[in-house]
Structures are given as structure tokens and as C-alpha cells.
Amino acid sequence: MSENGLDAIYAACFIDGTEELFRTMLGLAVNACVLETDAPRPKADVSAIVGLGGTAAAGSFVLSFERATALRVISRFLGSEVREMMPDGADGVCEIANIIVGRALALLRSGGIAMSMSIPQVILGGVHSIAGRRDTQGKVVRFDSDLGPFTAEIRIRQEMNDGPGMERRRES
């Protein structure tokens, strides 16, 4: 399977995890749109970053919001109004990223790709953008919801050493 094919598989799993969280925990639908790889990087006020690792691939997942959207999402998630990012807002963004990544990794595992995740970290304040490593392939996905737009970026570097599941992937 080509790297682009694997990128699409990774992206689909993270999109599914995001859609499921919004549907089941927030009672909302989201519309996903994969942006062109050369599109300008979205800017955000709040971003959760989760490192990904495994013998077949490594990378990161970044979930980014404008501050107002983040507060609306976290308020809905927690079931009570959150007005400030610290401490509840930041914890909520971390937990949402954690759930999305957990779901995506379960889907990948069911397809024979085993990965683990780091503890989510949050970047707060000022408009910022996240730059990924040049040796990773990435997909940026814009989501639209009734609570506001947000983005997710999935960056993966394929490890072509002999790890579990590599035989099947090389034959594809």
C-alpha cells in the first residue's frame, strides 16, 4: 500500500473518532473536510497535542480550536458553563483529544496497526500554528459544528523497519 493510501487510513480513523465523540458525547454532528496538504496551516488559540508511537509508525495528533469554540465545546462536554481555559477548559480539551485518539487507535489496532499514545498536552494563548516535522506525512481536517469550526492534524512517519504487522503492509 502506498504512503498516501496509509495516510488516508490514518486520517479516516481520526475523523471517525472525532465524529463519534461529537455524536455520542455532545449530541452533535460534525462535517469533516480534508484540506489540501499545501493549504496554509490553520491558526488557533487552543491546541491539544498527542504523540503517537509504534513499531510501524510514529507521529502526532493535534486538535485546535479558537478560544470561543473551545469554551462552547468544553461546556457542552462537561455539562456546565466553562468561562476560562484554566483549569477546566484545558483539562477538557485534553480529555476530548484523549478520547478521539483512543478511538482512532482502537480502529487502527483492529486493522493490524498497533500504536500507543502520550499524555495530551495543551498549548494556550495567542493565535498560534503548529508546525510538523518535514519527515512526516500529514492531513489537516477542518470540522464544522454547531459550536464552531475546529481542525485536527494527523502527522505520521512510516517506520519501514521490521515490526509487527509490517509483513502484511509490505505485501499490499
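Rounded to the nearest 20 debye, the dipole size of the range 29-109 about its Cα centre is 180 debye, using +1 on the Cβ of Lys and Arg and -1 on the Cβ of Asp and Glu. The stretch between Arg109 and Lys43, if pulled fully straight at 0.36 nm per residue, gains 20.6 nm over its current Cα-Cα span. The slack in the chain from Gln121 to Asp146, taken as 0.36 nm per residue of separation less the alpha-carbon distance, amounts to 6.5 nm. Leu35 to Ser80: FRET efficiency via 1/(1 + (r/R0)^6), r the Cβ-Cβ distance, R0 22 Å, to the nearest 0.05? Efficiency computed from Cβ-Cβ geometry: 0.10.
Net charge in the neighbourhood of Thr24 (other residues with Cβ under 15 Å of its Cβ; Lys, Arg +1, Asp, Glu -1) is -1.
Modelled label positions at Arg133 and Ile9, each set 7 Å beyond Cα in the direction of Cβ, lie 2.0 nm from each other. Its Cα centre serving as origin, the range 1-159 has a Cβ charge dipole (Lys and Arg +1, Asp and Glu -1) of approximately 160 debye.
Here, each number is a calculation from the coordinates, and none is a lab measurement. These numbers come from a predicted model, not from an experiment. No Cβ is skipped: glycine too gets one built from the backbone with ideal geometry, and neighbour counts run over all protein chains shown.
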